[in-house]
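For reference, the structure discussed in these notes is given below.
The values are calculated or read from the model by the stated rules, or taken from the named source; none is laboratory data. Since this is a predicted model, take the numbers as computed values, not measurements. Cβ placement follows ideal geometry from the backbone for every residue including glycine, while neighbour counts extend to all protein chains displayed.
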């Protein structure tokens, strides 16, 4: 699948015409037609806007994955009201050694997800103190 095919599929799933899509993003209909036919590619700002509009990840929109949304969206949402946890999550999110744990955590309730991240934070802080960091 190409970017253009994916964009067209998402637009049609939302029941939008090319004209409606172009108007929503303040672009010409021809511009979106060129995107859907893979004649042109949008800039990164528009790609971000499109991903938000369709509620999909940028990677999905660019055909890097077939998973429509960032798998960690539920975790991010569960901790979004705690700035300290959001900052900590930024440090954790890419750690390979914790990916399996995150995969299991996604299916929990938002309250439980928040508790799990808080517990990980406590363990991480204890480890840093133990190793003089």
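Of the residues in the stretch 26-41, at least one is assigned by TED's automatic domain parsing to the domain that holds residue 7, over 25 Å from residue 1 (Cα atoms) and either modelled with pLDDT of 90 or more or more than 19 Å from the chain's Cα centre (by Cα) (or both). One residue is enough: does the stretch 102-111 have a residue meeting the conditions part of a helix (DSSP H, G or I), surrounded by fewer than 15 Cβ atoms within 10 Å (Cβ to Cβ) and modelled with pLDDT of 85 or more? Scanning the stretch 102-111 turns up at least one residue that is part of a helix (DSSP H, G or I), surrounded by fewer than 15 Cβ atoms within 10 Å (Cβ to Cβ) and modelled with pLDDT of 85 or more.
Inclusion of residue 10 among residues that are in contact with a helix residue (DSSP H, G or I) (Cβ under 7 Å, 6 or more places away or on another chain) and under 17 Å from residue 68 (Cβ atoms) is warranted.
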